[in-house]
Each structure stands twice: as C-alpha cells, then as structure tokens.
Amino acid sequence: MSTRTNKPIRAIAALTAVGALTLAACSSDPDTENSSPEPVTSPAVDDAAIAEAMSTPTTIDFWTWVPDIQNEVDLFEAEYPDITVNVQNVGQGGEHYTKVRTALEAGDGGPDVMQMEYQYVSSFVLTNSLLNLKEYGADGVQDQFVPWVWSQVSDDAHVWAIPQDSGPVGTLYREDIFAEAGLDGSPETWAEFASAAQQVKEETGSYITNFASNEPGAFLSLLWQAGASPFSFDGSETLGISLNNDRSKEVVAYWQDLVQNDLVGVDPDFTDTWYQGLANGTYASWQTAAWGPLFLQGTAADTSGLWRAAPLPQWDASAPSAGNWGGSSTAVLANTDAPIAASEFAKWLNTNAESTEMFANEQFLFPTRTEILESPEFTSDELEFYGGQRVNEVFAEISATVDSDFQWLPIADYVFGSFNETIGAAIAERGDLLAGLDEWQADVVEYATAQGFTVVES
Amino acid sequence: MTISAQKAAQQGRRTSLARGRSRTAYLLLTPFILVFLAMLVVPLVYSGYLSMFKRTLVGGETFVGLQNIISVFTDQRFLEGVGRMTVFFVVQVPIMLGLALFIALALDSGRVRAARASRLAVFIPYAVPGVVATLMWGYLYGPDFSPIAQAFKAVGLTPPDLLSSNLILASMMNIVTWEFVGYNMIIMFAALRTIPLESLEAAQIDGAGQIRTALSIKIPAIRQAIMLTLIFSVIGTFQLFNEPSLLSKIAPNVIGTSYTPNLYAYSLAFVNQDPNYAAAVAFVLGALIMTVSYVVQLRGRRKVSA
Amino acid sequence: MSFFSTETARKSKSLSDVRRRKRTSKLTTVLVWACAAYFLLPLLWLAISSTKSNSDLFSTFGFAFGNEFALFDNIASVFTFQDGVFLRWVGNTVLYAGTSALIATALATAAGYAFAKYDFGGKAAIFAVVLGSIMIPLTALALPTYLMFSGMGLTNTPWAVILPSVVSPFGVFLMRVYATDSVPDQVIEAARIDGSSELSIFFRFGVPLMAPGMVTVFLFALVATWNNYFLPLIMLSDSALYPLTVGLAQWQSMSAAGGGSQALFSTVITGSFISIVPLIVVFLYLQKFWQSGLAAGSVKE
C-alpha cells in the first residue's frame, strides 16, 4: 500500500492546476447578474382597459403564507372567472422574501403578487421591484383604510401595496395571576408596570412578562409607541439611522432595570420553551399585536378564561399611543405580465366586503379597513378565552392610537438579523442593554455604509 | 485456450486493439467527466469569477479583482467561524472516530452478544436526515420539559441550559457525533472484516490478547480506512450548516448569522444580498478545507512512516 | 499494494464468526450496548412523541405515553396539512434521491470500470483529479452552483437538485476498486476472443459482476440526496417542489414565526418520524449488499 502514498498529494496539485487554468480562461464570462427591472412608467388605466383585462384569460401567481387564503381567492375567481390565481406558500418570515428575491434575480419563476409585511416594502422599492399601484387606481381605495396603515405602504407619489391586516400592540394578561399579586387589572403606565413586575414576582413567582431576546419586531413596536422613530428613508440613497436616540435609550434603560432585576423573562419567543411559559403561567402577560389573542387561544388552550386584553401601559397616560407589530399587505411585482389584473386582484382582495369580512371574522386577521373595524359584528365578538371580553374592541381602540410617522429602512433583513447578535444577545445574557443598543446602531450603520447608502445618524 | 496462447493472439492485433480499447475507456469515462466538469469544476471557477466583483445595493457592480478574497482573510466574522469549527474539529472528531473505532473493534472481536443488532442500532442514525436529527435533538435540549431536563429535575438538580452560549457548541458536537459514528464505524468495520484470518491467528498463537491484537495488528491494517473517515470528517466539519442553521431558530441569540463559515456565506448571499462576497467566502472556505485535508493526510503518513 | 478478494474476506468472516461466537465478553457487550442505547433512545423518544398531542408533548414525561393516544390524529394532520403537501414532499424526495442515485451509480460504474480495466492516455492524471476532488466541499460549491443555475433559469426545477447530486467521486473510487476485484481479466479476455465488443463485455459481464458494489454506491448516493438540506433549500422556491427535509424545516419555522402562524410541534415531530422510516427500511433490507460492497472498497486506497 505504501507505493501509493503520494497519490492524493499529486491529485490536489493537479486539481489546483486545472482550477487555475480554467479560471484564467473564463474571465470573459458574460455578466448574468443583471437584475432590477426598469422603473415602471405605465399610463394611468381607464375602466375600459380594466374591463378588457379582467375578461381576458390570465393566470396570476400569488405567493403568500396566510393559511386558508384560498377561500378569499375562490371568491375572487368566482367574480372574475377569466382570472386564475395560483396560490403558493414558499415559506414564512425571511425565507419568503429570500425566495422572491431569488426569483427576481433569476429573472423568472417569481410571483405576480406577493404577501408583504410593512417593514419589507421599502427594500423592494429600493430595487424597483414593485408596481406603483397609484397608476392602477389605488388612490380610489385609500379612504377605506386606517390612515396610519395606509402611510406604511405609500408616499405622496406612490402606493406600493394594499394593506391586508395589521398588528397594533396591546397587552394580554393573566387576570388570575395579576389578582393574586394584588393588582387590579393591567397597569396603565410603564411606571406602574415596573412596580407591578416587582409585585408579581414576589407574590406569585411568575415574571410579569417575557422580554423576548429575538424579536426585533416587538422591540421596535415599543420604540414606536414611545415615539422614538429610529429610521428614515428618502426613497433612493439616504438613510436616517438613530436606533440609539435619546428616546429609545430611555425605553431601553427602563427595560434594563426589569431585565437586570430578574423581573421579566428573556427567552426567545415562539420557541417551545416560550409556548410552555405562556401555557403554564411563567409569564403573566404578553405585550403583543392584535393577531396575538387568537394565536394565544390556540396554543394555551388549557388556560381558557384566565386571560384579559388591555392597551399597553403608557408613557403619558393623557396621550395614549401604540406601535404596530406585524401584519401585512398585498404587493404587485413590477415585472408582472398582467399588471392590471394583478393590481385589481390586490385591491379586490383587501377591499371587497365579503373577502375582508372573511379575513377578519374567520381567519382572524386584524382588519385595516375602517368599515370592518367599526362593524358591530367584529367589535362585539365575545371571546370565552378572555372571560367573554370584547377583545376586538380593545384592539380596534388601540389601532386608533398608532402613530403614522414610523418608517422602515430598505435593509430590514439586516436590521432584524443584527438585533439578535447585538442587543438581543445582551437581553438574553441579562447584560448591558444600552451597550447592545449602541452595537446594533453601529452594526447597521456599518452595513448601510458598505452598501453605498448615505447614512445620517442623529 | 491457455493464457500464453491468448497473449500471442493478442500481440498481433495490439496496436489497433489498443486504440479501440482506449476509445471505449474514454466513452465510458465521458459521461462522468462531463458532469464532473459541469458540477464541480465550473462552479468552483465561477465562484472565483464572481468573487472579483463587488455589488452594493446603491451603486451597482464594479470589478475589484482579488480584493474580496483578500478581505475574507481579515474578516473577523469569517475567522471567528473558522476558529469555532477548528475547536469543533479538534474536540468532536477524535471523540466520534474514537467511538466508531471502539465499536468497530468490539464488534469485530466477536465478543459482543447480539452483535448484528447492535451494529444496526449504531448505524441507524446515518439514515436519519440531518434536519430531522437536529429538530429532534432541539426538542431534547429544551431547558424545561425535555427528557434530559426532566431527568435532572427528577434527581433534584438544575438542568443545564444546553442551548446557552457556553454549551451550544458541545450540543452541536453531540448531534453530529450521534449522526455519524455509525457511518464511520461501518467503514472501519468493513475494513476490519477484510484482514486475513491468518494474521490474526498468528497473533493469537503469540499469545496476544484482544487489546494488543487491536493495537498492533488491526488498527495498522485499517489505517487507510481511518484516514478516509478522517478526511470526510474534515470536510463535514468545516462546511457545517444544517445543525447551526436549524438550532439558530431555537437559540437565536447564541447562533449568529456567521456562526459557521458556511452559514455566513449563506446569509451573505441571501440576507445581505451580497452574492459576490459570498462567493469569495465559499471559494476561500473550499481552498481552506482542501488544505486542511491535505495537511491531515500528510501528517497521517508521517506518523506511519516514523 | 495487496488486494484481498471479496471471496477471502467473506470466508474468513464466517470462519471466525463460528469460532468467535463462543466467547462473548460481558464488559464489551455492556459497553457496546450502552453506545447503542445512546443511538436508539432519541429515536425512541421521537416514536413516542409522535403519539402525543401538542399539549401532552410539553406536559408529560418524554419516554412515557401521553394522556391521549394521538398518533392517528397526528398522521392525519401530517398528510392533510396544507392540502396534503407532505405526500408531494415524499414523492419529490423519492424522485430526487432515486434519480440522482441511479445516474450517479451509472456514471460511477462506467468510470470505475474504465479506470480498472483499461489503459489509456492520461489515466493516472484523470484519476488523481477525481480522487482529489473528494476533498472539495460540496456545500461550499452549492452557492456558486446556485448563482450559475439562476443565470441559466435552472433554479426552482427538479434538475437544480438532481444535477449537482449525480457527481460522486467517492463512488468512482469505490467502483474502481470493486471492478478490479470482482471482474476477472480472464473473463474479459475470453469474451474478447469470442468476438464480443468492448461495450457488450462491460454490459454483459462487467455490470452483473459489479452489482453489489453498485448497490453500495447507489445507497450512499441515495442517502446523500435524501438527507440533503442546503442544496434544495437554496435552489427551490416553490413549496410544491420541496423535498422532505426543506418542507419539515419550513413547518418547524412556521411555528417559530410571528403573525398568523400556528404551533405545529406534534405535526413536525410525527412528520419527522414518518420521513425516516423509508430509508431505515431500505438499509435493513439491502444490508447484505452494501456491507459487502463497502468491505471491498474501504481498505484499499
């Protein structure tokens, strides 16, 4: 066997040589990476064009993760029998957008219409990947929507998506645990919340809540509530990034105390540990979005009747405010072959009375249309899980207090990913949150600068 | 016909035959070589090519030559990932291969009851996809209600947080060990089975016990098989992806986007939207793995000849 | 270099087995079975857990059955969730793994035979390159391959998963060793004298004699593709094209994503359990073949 010993050595040498040769020979490879489609300059469409498009046999690919959305799509197809909507679920969270970008990069195989969370809109605007729905009559439906939600998908000259659901943030709490701790309902201010945290810990051993170490969306909703607007984007090259502005430092310093004194949990959310914590009373409340009540009902069924809903504690009880966490919209891709049909579908899906009622009352997506938010059928729904409380009404009132000015950066993936490694890690270790906040700021700024943006820190 | 007659008959037609035969050889080789070039060599070259450009979200694409490759070598995140994998390699691979070798030797010694069943038991995890293995162990590592935590609580101890930053690497090593001991064991075991009985009998006549036979005859005899498993382990370790990627969902603050070099390349390409730099990382990683494999082989040889 | 024929190996094995069986050692047995327990217990946990409902999963002891026996409910939910996409994933996995393993085996058999039985120009160099390429990290290659495929419009098709999986340098190496051993030169010479063409010798004598080696290469290629996660993850965007690994990971992450998601733990666990059964069965069923194939290949480098 020893005669063969130097074979692999020669093999590597040979291989490297082949690599080097072909490398040199290949430098004229044409660039196949040309991506972003031209900005759209479609003429405004008239009713005749719409009528024609909607009676021409067309297939629209629609990528979404919303469970049972096929039901609304069926309604649409019944009304427009010539249009076929092909619903596909390619994953949820970051994966969904990765897949869309991959398809855009490849030049085909992508959807015509996509589910789009609000924080991702600008990243697709940046790459000119979205159709400006303003040119397809989206202005006409603006009045139907809650103003702050509409501002998440539009600016003066553009409408990038039609809102579908939203997530104004409130509090869900265990009334029994709060009562055991001597609390009468959910605290109205954050100051009261801090002393309540002490009480809950002492009297019941539970944490008043879990301050998730992996949930930038929830964290930012708290900044949003506090009016600490950390982002701005001018639509082309300039980003304003101030994650560690004075207001957000106050918010973080507040949580730093609770975290350091072991008064709140610091587990990552949506993990099995966390589900368990909600189900067994380890956490006595959850600061969550309007989609939270139904979600909780599904995962902590054994605690039915023990929960109640309330607004978030306030910084200033005389001027209640709230942030948003989650929710999504329907956007049309700029490279679609059927811009009219796709736009009409996006509008119809989120404005048609039957479709939006079904979203709200059967799939429990929290509505963005004022009409549904105010409809008795929606607000008067009494949930047994919450002791018969009208939970929708609580969140509809919260929705009215959400600030309209909050903006996102077009690099949401990076901002969210970086959270886990900076301030999120500090939370998980019950370490220095303010230092973590500074790290987060620095990391995002570094990335944005490297990507060629002009960054304004303030 | 005798063999010498065959040879004589062959002699006359040698030149034309030889040409025909090498044509057949090339014919048989061509399909493999084609996919080999297309699926191994071309992507390798292509990643080198891609790495020579820089693309930013604002400003587009520019040619930067070797700059990306050079910056990989000073990239803190990449180096930390490589460092982590080096620790992983130094600790986990000896345990995994040692365990595999022990089981292979024990089974080969014939001193184990129900040997065939135990051999299959050890091998079965290999048939479990890494994704499933990781999901499964992820549940088993849960700090509150997993059987491991329950066992600790049952005897009155605080269960360790197997998903914390201190223990996550060890937890990952355990998963990989669980997955691949069987595979390595089977390769070694198969090699042991081909050692001729005569040399073992000779050792027995000399009065060598099982352990001495293993050390002085069996292990040297399957040196090549062990080397093979070692090379596979180098490759497997340095391109670790499934385990950290899936565990990062339940330990998001512990496993960052650059926890392993491969995870880093993936998130560069798909999260940071920087395929060019991702290609540079993949290229350097590939070169690194080949270098380490090569060094491992070289050292293995030296040890034997010394 | 000394080659032992597979014949000798097998004979010595059975001889020694007869002799060895007489003296089992308690200590060794206990140690080996302790190891075996380490490998089996997690799978036992998986099997038991797939009979539990979501809430039992988190409230009952891991190795005991839950309050209700939910196996059939879980199986039903695995096969009906998202319009029964799981069954498609099973089909896709079989398709990708089966096709690429078949092609990989065919290519490796032809190439291995050529290396073993012919002399031709550049043989040593080509074989050296192939052998050296075992060291190329395939996962690191997946990314450039993806970028290349996306330029060619091949991403999001079954080919994107199958094509990169048909190259098996280790298979070529194994088949070369196996062909050297199992196809005697005399057989080839005799067939040549009978006037058989080179190709028909390969198909009529070579292939049948190499069958156990081919089964080995096939199985290992099958497992490699069956278990692959990274490649299909980056190549495929349509969930109807996913293999089991990517699909299950997606279900798991649905439980861990924010708005509109649902806790699917019992479904994921049961799906995982179902997904590992076919490969285990194949391995058990074909063990005689692949073990002898490996025995021939593993020592000789």
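The values are calculated or read from the model by the stated rules, or taken from the named source; none is laboratory data. Please read these numbers as outputs of a predicted model, since none were measured by experiment. No Cβ is skipped: glycine too gets one built from the backbone with ideal geometry, and neighbour counts run over all protein chains shown.
What helices (runs of 4 or more DSSP H) lie completely within the range A:216-299 and have 1 or more residues being without any contact (Cβ under 8 Å) to a residue 24 or more places away in the chain and of a type outside the set (Phe, Trp, Tyr)?
A:246-260, A:272-279, A:292-299
Being out of contact with any Asp or Glu (no Cβ under 8 Å at 6 or more places or on another chain), without any contact (Cβ under 8 Å) to a residue 60 or more places away in the chain, away from chain A (no Cβ under 14 Å) and in a helix (DSSP H, G or I) is the requirement here; does B:Leu298 meet it?
no
List pairs: first in the range C:75-96 and over 22 Å from C:Pro158 (Cβ atoms) and touching a residue at least 24 places away in the same chain (Cβ under 8 Å), second of a type in the set (Gly, Ala, Ser) and assigned to a helix (DSSP H, G or I), Cβ under 7 Å, 6+ apart or cross-chain?
Sorted first by the residue in the range C:75-96, then by its partner, the pairs are C:Val78/C:Gly271.
Being farther than 19 Å from C:Met235 by Cα, more than 7 Å from every other protein chain (Cβ to nearest Cβ), touching a residue at least 12 places away in the same chain (Cβ under 8 Å) and not in a loop (DSSP other than H, G, I, E, B) is the requirement here; does B:Ala280 meet it?
yes
I need every pair where a residue in the range B:33-45 that is free of Cβ contacts under 8 Å to residues at least 24 places away in the same chain and farther than 19 Å from C:Thr105 by Cβ has its Cβ under 6 Å from the Cβ of a residue that is among the β-branched types (Val, Ile, Thr) and surrounded by fewer than 21 Cβ atoms within 10 Å (Cβ to Cβ), sequence separation at least 6 or different chains.
So the pair list comes out as B:Val45/A:Thr22.
From B:Val72, B:Val82, B:Val45, grab the single residue that is surrounded by 16 or more Cβ atoms within 10 Å (Cβ to Cβ) and within 12 Å of chain C (Cβ to nearest Cβ).
B:Val45
State the number of residues belonging to the range C:255-278 that are more than 15 Å from A:Leu294 (Cβ to Cβ) and modelled with pLDDT under 75.
Count: 3.
Can you work out which of the residues in the range B:268-302 that are small (Gly, Ala, Ser) and buried (at least 23 other Cβ atoms within 10 Å of the Cβ) is farthest from A:Asn420 (Cα to Cα)?
Checking each candidate, the answer is B:Ser293.
Is it true that B:Val128 is crowded, with 19+ Cβ neighbours inside 10 Å, in contact with a helix residue (DSSP H, G or I) (Cβ under 9 Å, 6 or more places away or on another chain) and among the β-branched types (Val, Ile, Thr)?
Here the answer is yes, as B:Val128 does meet what is asked.
Quick check on the range A:128-135. Is at least one of its residues more than 14 Å from chain C (Cβ to nearest Cβ), assigned to a helix (DSSP H, G or I) and surrounded by fewer than 24 Cβ atoms within 10 Å (Cβ to Cβ)?
Scanning the range A:128-135 turns up at least one residue that is more than 14 Å from chain C (Cβ to nearest Cβ), assigned to a helix (DSSP H, G or I) and surrounded by fewer than 24 Cβ atoms within 10 Å (Cβ to Cβ).
Just give me the residues in the range C:135-161 being surrounded by fewer than 21 Cβ atoms within 10 Å (Cβ to Cβ) and in contact with a Phe, Trp or Tyr (Cβ under 8 Å, 6 or more places away or on another chain), in sequence order.
C:Pro158
If only one of C:Val217, C:Val207 is buried (at least 19 other Cβ atoms within 10 Å of the Cβ), under 26 Å from C:Phe283 (Cβ atoms), more than 9 Å from every other protein chain (Cβ to nearest Cβ) and of a type in the set (Val, Ile, Thr), which one is it?
Every option except C:Val217 fails the conditions.
Need pairs with beta-carbon distance below 6 Å; first residue facing chain C (nearest Cβ under 7 Å) and touching a residue at least 60 places away in the same chain (Cβ under 8 Å) and within the range A:87-112, second in a loop (DSSP other than H, G, I, E, B) and not hydrophobic (A, V, I, L, M, F, W, C); sequence gap 6+ or separate chains.
Short answer, once both residue conditions are applied: A:Glu105/A:Ser35.
Please enumerate the residues belonging to the range B:240-277 that are closer than 21 Å to A:Asp269 by Cα and outside any loop (DSSP other than H, G, I, E, B).
B:Glu243, B:Pro244, B:Ser245, B:Leu246, B:Leu247, listed by residue number.
Taking the stated definitions as given, is A:Trp307 touching a Leu at 6+ places or on another chain (Cβ under 9 Å) and either free of Cβ contacts under 8 Å to residues at least 12 places away in the same chain or within 14 Å of chain C (Cβ to nearest Cβ) (or both)?
Spelling it out, it is not the case that A:Trp307 is touching a Leu at 6+ places or on another chain (Cβ under 9 Å) and either free of Cβ contacts under 8 Å to residues at least 12 places away in the same chain or within 14 Å of chain C (Cβ to nearest Cβ) (or both).
Among the helices (runs of 4 or more DSSP H) confined wholly to the range C:115-199, which include 3 or more residues that are free of Cβ contacts under 8 Å to residues at least 60 places away in the same chain, within 14 Å of chain A (Cβ to nearest Cβ) and touching a helix residue (DSSP H, G or I) at 6+ places or on another chain (Cβ under 9 Å)?
So the answer is C:123-132, C:138-152.
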